[in-house]
Amino acid sequence: MAGGTLILNFEESHLRGSVVKDKSKEALADVRIEFDEGSESRALKNVLEELQEMGHSEFSFVMTTLPPRVVSLRNLDLPFEDKSKAEQILSFELADKLPWDINEMECACITPGGGRTIAAAVKKEELVNYLNVFKDAGVEPNWIGVALFSKELLLSNVEGGMLGLNAFIDSNSIVASRDGNPVFFKNYNSDDELRFSIASLESRYGEIDRLFSSNGAKEKLSSFERTITSVDSFSYDGTEMASLKFQYEKGLKDTVNFRRGEFAFTERTKEETRSLKVGVVLLTLCLVLWLAFFAVKYTSIQSHSAAIDGSIANSYSEIFPGEKIIDPFYQMEGKVKALGDLDLIKSGSVNVLKVLKELSLIKSSNRSDATLFKVGIKGLSVSAKGRAASFESAKAFKSLLESRASVSDVKMTDVKATTANDVIFSVKFSMLEEKL
């Protein structure tokens, strides 16, 4: 299913993904994945896989946040309410306020008014790492921001309106607005740090008129001698994802977006994303052809060929709308070659067709009843999951692979009996390019 906006929120221990209708916060699908620090790439792929199973594989817009631990916030007194003017001198103003070389940082800001600018800075190295995580997953984010700056929007519909100084506290941050205008944003890691943040807020803007909290912050605030109103209408999403949905519906113009300067989202990145889609389409079509060879033994070659030509033609029309189709296979092949000349398709991807062809030949000479139901190909390395009638059949399939001149380094693992009285297994091996 194409269309819809993908919103991703990297929190400290989990990743939330939500697909919403374009220009709306109405959710079409939601996913939440736990992960350990350093395994962001796997978590993102898991989220995308789950969303694909729900029917969402292409998106008109992608926005994501960075985890709070990689972003540094600073309050600046600047005589600008125009965000673009503040950003022009941001690096100069932050040069002596950050513990790192300012040339190693990417900086952005919001200007809530009153001569105040709130700046956010992230190491360029961290930003590159996250962009690579997305590139590896085949997704290109249009917007990279900070969820904290959107949380005050959660108070936009509270009873009584937004007059006065209103503060909202969740399990890891406090934000505040005065007469509907955001004035204060702060992450905290302990109760003492939260108390200090409240004191800092009130020393600058006076006593808080109304204090709101999420369900996750109730216990933290139990010892506070204040009247606290619970806001729990977004308990399923969590405060950060809920606030991002509000922000997307409202618009992203005045938010922090690290996709600027050397990291700006450009037509070039769109073309790279398109090239990756072309590669995925070709790989999927080839894999469908190969699996059909296994599963359907009595369907005519002519009907397969017509169906495949039709699939390629449909995919070609979707990726290159408006172009006349004469021979879809050769036209698609020409586009892939052109993208390869632009260095948009990574080296090694051209071997996929050769590898699939060789796997088909292996299957046709298979002396066991083993079949492969999931295959991954990266360059000349193949990893797969399979099924066999018995342990002996799985072993015979491994021996068959080892006997092929085109195959090397065969490793079969996770051989297990199932409740269906058969055996499943995992197998990894390499293909020798000179033998293909």
Of all C-alpha pairs within region 159-230, those more than 14 angstrom apart amount in percent to 55
Convex hull of Cα atoms in region 1-128, direction-averaged projection (nm²) = 9.2
Where in region 165-189 is the amide nitrogen less than 17 Å from a point lying 7 Å along the Cα-to-Cβ axis of Glu219?
-> 170-173, 189
Counting only DSSP loop positions in region 1-66, the trypsin sites (Lys or Arg not before Pro) whose Cβ has at most 16 other Cβ atoms within 10 Å are Lys21, Lys23
Packing-wise, with mean Cβ within 10 Å as the measure, how do 407-417, 56-66 rank, highest first?
-> 56-66, 407-417
Dipole of region 1-44 (Lys/Arg Cβ +1, Asp/Glu Cβ -1, origin at the Cα centre): which of Ile7, Ser24, Ser39 lies farthest to the positive side?
-> Ser24
Measure off 7 Å from each Cα along the Cα-to-Cβ vector at Asp191 and Met54, then give the distance between these two points in nanometres to one decimal.
-> 3.7
Under the Karplus curve 6.51 cos²θ - 1.76 cosθ + 1.60, θ = phi - 60°, whole-Hz ³J(HN,Hα) for region 174-182, x wherever Gly or Pro sits = 10, 10, 8, 9, 10, 6, x, 9, x
For region 402-411, in residue order, the Karplus 3J(HN,Hα) values (coefficients 6.51, -1.76, 1.60; θ = phi - 60°; whole Hz; Gly and Pro = x) are 5, 7, 7, 5, 8, 10, 9, 6, 7, 10
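Bear in mind that the values in this text are calculations on the coordinates, not laboratory data. Given the structure is predicted, the values throughout are model-derived calculations rather than measurements. Using ideal geometry, Cβ is built from the backbone for each residue, glycine included, and neighbour counts are taken over all protein chains shown.
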